[in-house]
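Read the structure below first, then the notes.
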Amino acid sequence: AQSVTQLDSHVSVSEGTPVLLRCNYSSSYSPSLFWYVQHPNKGLQLLLKYTSAATLVKGINGFEAEFKKSETSFHLTKPSAHMSDAAEYFCVVSDLGVDSSYKLIFGSGTRLLVRP
Amino acid sequence: GAVVSQHPSWVICKSGTSVKIECRSLDFQATTMFWYRQFPKQSLMLMATSNEGSKATYEQGVEKDKFLINHASLTLSTLTVTSAHPEDSSFYICSARWGGSNQPQHFGDGTRLSIL
């Protein structure tokens, strides 16, 4: 079965500095990987997805992620943090379930704090 | 595009009552809808997957008689929490997907359910 590990439960950065949210996955085949963001008491918004095309994936709001098979990583980055980026971020892998349907497997989440 | 509307956003009710939550895809036809549960400061847990016109597939440990799911059309799925008790209090989030497994899920804003 697929799984994802988000290495940091909390990340704190200053506004205007780079953001790095780390994610490692385990997979027995070529995975589909996603990053979602969740603001308080809200649902999840898709930031970007990787589905075996370009390894560097650009998403919304200036975020991007790079798929590195050799490192089984899919880290999320942004060159310059904005106060509005403060939220919970989930790394997600698509997994084939026992009933042959695809399900999303969520990481434990990383809370991004942005200091003024 | 790809907007999912979830209603109500917040509900408080007495123990023993049943609560219905609606999930609608507003600008696309959702061949598959998903229901998740999220406890405070935790990740999302998939409860069930439903395809339009067929019975929902429940994850292990989720009581199908407790959490009734109906997916009668390509734009609407409902989750009914029957005879709700305080332990059912949680944040419930639906998502909808059009097409195959490599397509992203689009999430509603969630429903906070509080059982007194």
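The values are calculated or read from the model by the stated rules, or taken from the named source; none is laboratory data. It should be emphasised that the depicted structure is a prediction, and the values quoted were computed from it without experimental measurement. Here the Cβ positions follow ideal geometry from the backbone for every residue, glycine too, while neighbour counts run over all protein chains shown.
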Item checked: Filter result (outside any strand (DSSP E or B), touching a residue at least 60 places away in the same chain (Cβ under 8 Å), within 14 Å of chain A (Cβ to nearest Cβ) and among the polar types (S, T, N, Q)) within the range B:58-116 -> B:105
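So which of B:100, B:61, B:53 ends up being touching a His at 6+ places or on another chain (Cβ under 8 Å), surrounded by fewer than 16 Cβ atoms within 10 Å (Cβ to Cβ) and either modelled with pLDDT of 95 or more or more than 20 Å from residue B:3 (Cβ to Cβ) (or both)?
B:53
Select from the range A:46-64 the residues that are crowded, with 16+ Cβ neighbours inside 10 Å and of a type outside the set (D, E, K, R) and list them in ascending order. Break it down stepwise before answering.
Just the residues of the range A:46-64 that are crowded, with 16+ Cβ neighbours inside 10 Å, to begin with: A:46-51, A:57, A:59, A:63-64.
A:46, A:47, A:48, A:50, A:51, A:57, A:59, A:63, listed by residue number.
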Notebook entry, point to check: Could you count how many residues in the range B:1-46 are within 15 Å of residue A:103 (Cα to Cα), in a strand (DSSP E or B) and within 11 Å of chain A (Cβ to nearest Cβ)?
Noted result: 6
Next item on the list: Tell me, yes or no, whether the range A:8-31 has at least one residue that is of a type in the set (A, V, I, L, M) and farther than 19 Å from residue A:115 by Cβ.
Entry: no
